[in-house]
Amino acid sequence: MSEYKILIDGRLTGAARGGMMDVINPHDGSVAASVPRCTAEDVDLAVAAASRAKKIWKNTYIGERADKLNRLAALIRENFDELVSLETAQYGGPVGKTSRFDIPAAIGEFEFMAGLGRSMTGLTISANPNARVMTVREPHGVMGLISPWNFPLVTAVSKLAPALIMGNTCILKPASCAPLTVLRLGEYIIKAGIPDGVVNILTGPGSDVGEAIVTHPGVDKVSFTGDSSVGKRILSLAADKVMPVAAELGGKNAFIVLDDAFLDGAVEAAVYAAFFNSGQNCGSPSRFYVQAGIYDEFVSRFVAAAKRLRIGNPTDPETMLGPLAYMKCRETAERYINGAKRDGCTLLYGQALPDELQCGAYVMPHIFEVYDNRIELMREEIFAPVVGVYKVKSADEAAALVNESSYGLCASVWTRDYRRGMLIINELDVGTAWINQHLEIVPETPWGGRKASGWTKENSILVLDEYTYHKHIWMCLDESPNTFWREQITP
Ligand code: NDP
């Protein structure tokens with residue numbers, strides 16, 4: 001089993017107190033690796049290193065910073081196969097997905113940000129003819145980057161890449177159940193020649209290491225992606241030191257199918273978006289609102305397509321759905337499945353788990369017919385392949401039901417009538433809305449929610465606002481500032 005080390009001040013090392021924790025393969029419960037279990041002591045060391053590196057990195061020419069990002073992309077490419085298998089071993093993403101999506105997306109993020117950052121601009125403001133007024137974008141300083149496990153490498157890189165190109169130094173903490181690819185990135189940070197202390201990578205429990213990062217007086221901003229309840233905790237800790245937080249939180253996303261939808265496309269997207277990555281996507285739809293005229297046909301084809309999904313060992317290239325990330329996720333999903341039955345839903349599809357998959361965190365896809373939008377299946381984020389379908393009379397009814405959620409990450413509308421689609425989208429309280437598409441997220445387009453899903457943006461040019469602030473500079477062109485006290489105080 002290979003050794004994994006954290007990165008502090010340009011050195012690969014163990015945790016200060018020598019602690020270790022196991023990373024479990026969710027396919028069979030075996031130990032995939034052991035990694036350092038850091039404590040607040042390591043956070044102190046990492047923040048000290050990142051603070052020392054602040055000035056040098058901020059004052060490094062942006063073209064040179066971009067070169068380092070491109071070098072990181074190249075190193076990921078060189079180690080592609082190892083990263084694919086590590087990603088699969090630690091969180092169960094099938095190799096067909098980790099090789100087609102996770103690792104290429106991480107490469108794409110670094111390369112996109114390397115280019116995008118170089119076009120960063122500030123504002124010039126015509127405030128007064130005797131002045132030149134501008135804003136200059138400056139990095140926040142030391143940033144805490146706390147990432148989730150559902151796409152372990154790319155969710156970390158989608159924070160690290162903009163933070164670095166904008167001149168911030170970082171403490172990056174990946175999720176405890178899936179830190180291996182991010183720890184490998186620590187090795188590439190050294191190889192890429194990024195100055196010591198600019199990137200520090202720590203592993204350890206969020207409740208301990210994560211909170212020590214958030215509350216540390218030397219951390220200037222935190223960017224967090226994860227569960228909404230953890231997000232609330234981080235926001236409350238940050239409020240104490242009046243620290244900004246970028247928060248990308250959970251979702252309970254809707255998929256609205258109108259009578260005039262292109263049915264083939266709607267069914268293909270429904271199965272893909274709901275069950276890709278075993279439903280462990282912040283953007284996955286888990287509430288389907290389907291208009292009465294197309295309801296029966298959509299539902300029967302949705303179920304038929306779900307039956308064709310291949311579930312099993314994620315190392316098999318034919319596998320479409322692997323296990324969930326860890327055993328507790330399976331228990332949570334089973335609780336929701338039983339809850340849906342208790343709440344009177346009709347099970348349209350959902351087989352018992354076959355014997356050969358009892359070994360791991362597997363959950364079979366489940367589709368329920370739902371009669372009440374207020375039940376937990378329609379309210380709470382499950383993060384598993386478990387969805388509800390609800391029959392609506394009209395588009396307006398669907399929009400109203402979508403907005404009953406406390407979440408507001410994303411939604412899609414399926415219709416041939418784009419005008420009608422746009423009118424519905426106008427009504428939806430979400431950060432991203434698609435017409436005839438769902439789950440299409442690329443570096444060029446902004447991603448982020450509303451309400452309990454958070455408010456900040458990742459990706460696209462808008463992400464630069466999360467990793468810089470505008471310093472306002474006013475230059476007076478006159479010899480005197482010309483205040484209205486002038487005459488009274490001039491002898
Ligand atoms: P969690 O919120 O459980 O964990 C996310 C990260 O936060 C982990 O690194 C975790 O560490 C850390 N953490 C946990 N508790 C604290 C704390 N008290 N203080 C500081 N850090 C803490 O999320 P998951 O990893 O389970 O990821 C799934 C969630 O992420 C879902 O809700 C999903 O919707 C959301 N998500 C949202 C996205 C978006 O763009 N809106 C994108 C992807 C996911 P540890 O692992 O050690 O507990």
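Table: residues versus (1) away from the ligand (no atom under 15 Å from the Cβ); (2) out of contact with any helix residue (DSSP H, G or I) (no Cβ under 6 Å at 6 or more places or on another chain).
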{"residue": "R379", "(1), (2)": "no, yes"}
{"residue": "A395", "(1), (2)": "yes, no"}
{"residue": "Q437", "(1), (2)": "yes, yes"}
{"residue": "P446", "(1), (2)": "no, no"}
{"residue": "R450", "(1), (2)": "no, yes"}
{"residue": "I461", "(1), (2)": "yes, yes"}
{"residue": "T468", "(1), (2)": "yes, yes"}
{"residue": "W474", "(1), (2)": "yes, yes"}
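I'd like to check something: does the stretch 103-111 contain any residue that is over 19 Å from the mean Cα position of the chain (by Cα) and surrounded by fewer than 22 Cβ atoms within 10 Å (Cβ to Cβ)? No: the stretch 103-111 contains no residue that is over 19 Å from the mean Cα position of the chain (by Cα) and surrounded by fewer than 22 Cβ atoms within 10 Å (Cβ to Cβ).
For the stretch 436-467, enumerate the residues that are in a strand (DSSP E or B) and within 28 Å of I103 (Cβ to Cβ).
Correct list: W447, G454, E458.
Taking first residues from the stretch 464-480 that are under 14 Å from G167 (Cα atoms) and partners that are surrounded by fewer than 12 Cβ atoms within 10 Å (Cβ to Cβ) and at pLDDT 95 or above, the Cβ contacts under 8 Å between residues at least 6 apart in sequence or on separate chains come to H470/L123. For A163, state whether it is within 24 Å of W455 (Cα to Cα), among the hydrophobic types (A, V, I, L, M, F, W, C) and either within 19 Å of the chain's Cα centre (by Cα) or more than 8 Å from the ligand (Cβ to nearest atom) (or both). Yes.
Yes or no, residue by residue, for (1) more than 16 Å from the chain's Cα centre (by Cα); (2) crowded, with 22+ Cβ neighbours inside 10 Å; (3) not assigned by TED's automatic domain parsing to the domain that holds A105:
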{"site": "P385", "(1), (2), (3)": "yes, yes, yes"}
{"site": "V389", "(1), (2), (3)": "yes, yes, yes"}
{"site": "A395", "(1), (2), (3)": "yes, no, yes"}
{"site": "A398", "(1), (2), (3)": "yes, yes, yes"}
{"site": "R420", "(1), (2), (3)": "yes, no, yes"}
{"site": "I425", "(1), (2), (3)": "yes, no, yes"}
{"site": "G431", "(1), (2), (3)": "no, yes, yes"}
{"site": "T445", "(1), (2), (3)": "no, no, yes"}
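Within the stretch 177-191, restricting attention to residues that are within 14 Å of I8 (Cα to Cα) and within 16 Å of the ligand (Cβ to nearest atom), the residue that is surrounded by the most Cβ atoms within 10 Å (Cβ to Cβ) is V182.
When the criteria are applied in full, F262 fails the requirement of being in contact with a His (Cβ under 9 Å, 6 or more places away or on another chain), more than 7 Å from the ligand (Cβ to nearest atom) and either farther than 18 Å from L160 by Cβ or at pLDDT below 95 (or both). Figure legend. Inter-residue proximity from the stretch 231-260: first residues touching a residue at least 24 places away in the same chain (Cβ under 8 Å) and part of a loop (DSSP other than H, G, I, E, B), second residues within 14 Å of the ligand (Cβ to nearest atom) and among the aromatic types (F, W, Y), beta-carbon distance below 7 Å, spacing 6+ or different chains. Indicated pairs: G250/Y407; G251/Y407; K252/Y407. Name the residue, out of A273, A212, A239, A266, that is buried (at least 17 other Cβ atoms within 10 Å of the Cβ) and not assigned by TED's automatic domain parsing to the domain that holds D396. The unique qualifying residue is A212.
Can P365 be described as exposed (fewer than 14 other Cβ atoms within 10 Å of the Cβ) and either in contact with a Gly (Cβ under 8 Å, 6 or more places away or on another chain) or not acidic (D, E) (or both)?
no
Taking the numbered list (1) at pLDDT 95 or above; (2) under 30 Å from C476 (Cβ atoms) in turn, P174 passes all entries but (2). For the stretch 192-213, taking the residues that are at negative phi and part of a loop (DSSP other than H, G, I, E, B), the one that is nearest to the ligand (Cβ to nearest atom) is identified as P205.
The values are calculated or read from the model by the stated rules, or taken from the named source; none is laboratory data. No experiment lies behind these values; they were computed from the predicted model shown. In this analysis, Cβ positions are derived from the backbone assuming ideal geometry, glycine residues included, and neighbour counts consider all displayed protein chains.
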